[in-house]
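The values are calculated or read from the model by the stated rules, or taken from the named source; none is laboratory data. Just so it is clear, the model here is predicted, and its values are computed rather than measured. Note that each Cβ is placed from the backbone with ideal geometry, even for glycine, and that neighbours are counted across all protein chains shown.
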Amino acid sequence: MSKSLVNYIPAVNQQVFEDNYKKIKSKPYAQYFLKDMYVVDEEVKKAQNGPIHVSQALKPIPEDLNKLLNPGYLEAETGYCQMPDGTLYSASLTFFPGCTPEMLQWWFWWHSVESERYTLWYPYCHISSHAKNKDTLTKPGLTHEDRYKGNTHIITEYLYERKNNIEIAFVDPSELGIDTSHFPSAKILASACGFVSMQMPGIEFCTMIHLARETQDGFELRSRYYIGHNVKLKILGREWRVNKSLSNPVLKLNHIGLQTAYEQVMHDQIEFTHLASILPDLYNKFS
Ligand code: ZN
């Protein structure tokens, strides 16, 4: 598996790196705040071949999502496209040699304890992450998954050059209709799925899926993002579904739609390939 250095970093993201470095340099894990990030050539080439055909995208319905439990690989594990209704689809496959699924479960709550930890993951794009329910992060007797599933992370990060203030509400994959009873036989040993909302106004706009499948040398992460398929306006604990004819014309503008779907794949490729390179050491020292 050959890797290449990520060598085009917009000026705004270089500044994010400098600002993050000032905050993290006195932390005990500062040595893992790295300047060089790499991507797996084979996967990035797939993303850079242009959009996949819509027939290669998994629809966000149980019948399709459960195909992720079949052995082997689907047609387009890394790629992006825009569906005819304007919604966006991003898929990304990343590799974690030398890592265990438990390390990923640990990471998903451990990084939300303080924002500096979150910046390790993507020093050029991640700014802050806080868990809404902080008590579950330190409460004794909980599993790693208990500490993030059911919790919400309040996040500021860049998607390429655009700063986003979002919230991710983590849920059990069964809430998306995925049959988790087949996880052991499918060798899916960890997951991080959730609904992504903008903070202000509270609009849920994305469903995110990360499934970690055991491999001979560690695990692989299969990720899916559905943007605009189930837009909801959330005010004071109440939700209203937003009709696609209202929510999707914006996505249909080519430069917003396809570009966003592509940036999401690249962001995922970069951050998870990077996380895989630091996770075993971080886990051994800080778990
Ligand atoms: Zn990120």
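Restricted to region 186-214, and to residues there that are modelled with pLDDT of 95 or more and part of a loop (DSSP other than H, G, I, E, B), the residue that is surrounded by the most Cβ atoms within 10 Å (Cβ to Cβ) is 192. Under the condition of being out of contact with any Phe, Trp or Tyr (no Cβ under 7 Å at 6 or more places or on another chain) and among the hydrophobic types (A, V, I, L, M, F, W, C), the residues counted in region 13-51 number 5.
Identify the residue in region 215-246 that is on the phi > 0 side of the Ramachandran plot and surrounded by fewer than 20 Cβ atoms within 10 Å (Cβ to Cβ) and, among all such residues, is modelled with the highest pLDDT.
Restricting to residues being on the phi > 0 side of the Ramachandran plot and surrounded by fewer than 20 Cβ atoms within 10 Å (Cβ to Cβ), the top hit is 218.
Restricting attention to region 186-230 and to residues that are over 17 Å from the mean Cα position of the chain (by Cα) and of a type in the set (Val, Ile, Thr), the residue that is farthest from residue 108 (Cα to Cα) turns out to be 203.
Residue 23 passes every criterion in (1) exposed (fewer than 13 other Cβ atoms within 10 Å of the Cβ); (2) farther than 30 Å from residue 77 by Cβ apart from (1).
Within region 5-18, residues that are surrounded by 13 or more Cβ atoms within 10 Å (Cβ to Cβ) and among the polar types (S, T, N, Q) have Cβ atoms under 8 Å from residues that are outside any helix (DSSP H, G or I) and modelled with pLDDT under 95 in these pairs: 13/160; 13/161, counting only partners at least 6 apart in sequence or on another chain.
Residue 186 - would you say it is among the small types (Gly, Ala, Ser), within 29 Å of residue 232 (Cβ to Cβ) and in contact (Cβ under 8 Å) with a residue 12 or more places away in the chain?
Working: among the small types (Gly, Ala, Ser): yes; within 29 Å of residue 232 (Cβ to Cβ): no; in contact (Cβ under 8 Å) with a residue 12 or more places away in the chain: yes.
The answer is no for residue 186.
Evaluate region 130-143: report whether one residue or more is assigned to a loop (DSSP other than H, G, I, E, B), touching a strand residue (DSSP E or B) at 6+ places or on another chain (Cβ under 8 Å) and surrounded by fewer than 17 Cβ atoms within 10 Å (Cβ to Cβ). Scanning region 130-143 turns up at least one residue that is assigned to a loop (DSSP other than H, G, I, E, B), touching a strand residue (DSSP E or B) at 6+ places or on another chain (Cβ under 8 Å) and surrounded by fewer than 17 Cβ atoms within 10 Å (Cβ to Cβ). Within region 164-185, the set of residues being among the acidic types (Asp, Glu) and in a loop (DSSP other than H, G, I, E, B) comprises 172, 179. Looking at the structure I just gave you, is residue 229 over 21 Å from residue 269 (Cα atoms), in contact with a Leu (Cβ under 9 Å, 6 or more places away or on another chain), assigned to a strand (DSSP E or B) and not polar (S, T, N, Q)? It is true that residue 229 is over 21 Å from residue 269 (Cα atoms), in contact with a Leu (Cβ under 9 Å, 6 or more places away or on another chain), assigned to a strand (DSSP E or B) and not polar (S, T, N, Q).
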